[in-house]
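Nothing in this text is a laboratory measurement; each read-out follows from the coordinates by a stated rule. These numbers come from a predicted model, not from an experiment. Backbone-built Cβ (ideal geometry, glycine too); neighbour counts: all protein chains shown.
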Amino acid sequence: GYVPKHLRRALGVVMRKPRKADYGKPESYRMINLLDVWGKVLERIVGRRLEKWGKR
């Protein structure tokens, strides 16, 4: 489906993996994407409405 571009924004945060011997290697890190809150709220609202509509 279509999702407006401003609701698909995410902030990428790089975090260290725990207990790695060498943090000089890229494999010692992981990328976490933080999604826009409004996109999550809208997704939940639409999902609940679809569930109610599907139970009719």
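Return the only residue of Lys52, Lys20 being assigned to a loop (DSSP other than H, G, I, E, B), without any contact (Cβ under 8 Å) to a residue 40 or more places away in the chain and out of contact with any strand residue (DSSP E or B) (no Cβ under 6 Å at 6 or more places or on another chain).
Exactly one residue qualifies, and that residue is Lys20.
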Out of the residues in region 24-46 that are exposed (fewer than 10 other Cβ atoms within 10 Å of the Cβ) and in a loop (DSSP other than H, G, I, E, B), which is nearest to the chain's Cα centre (by Cα)? Lys25
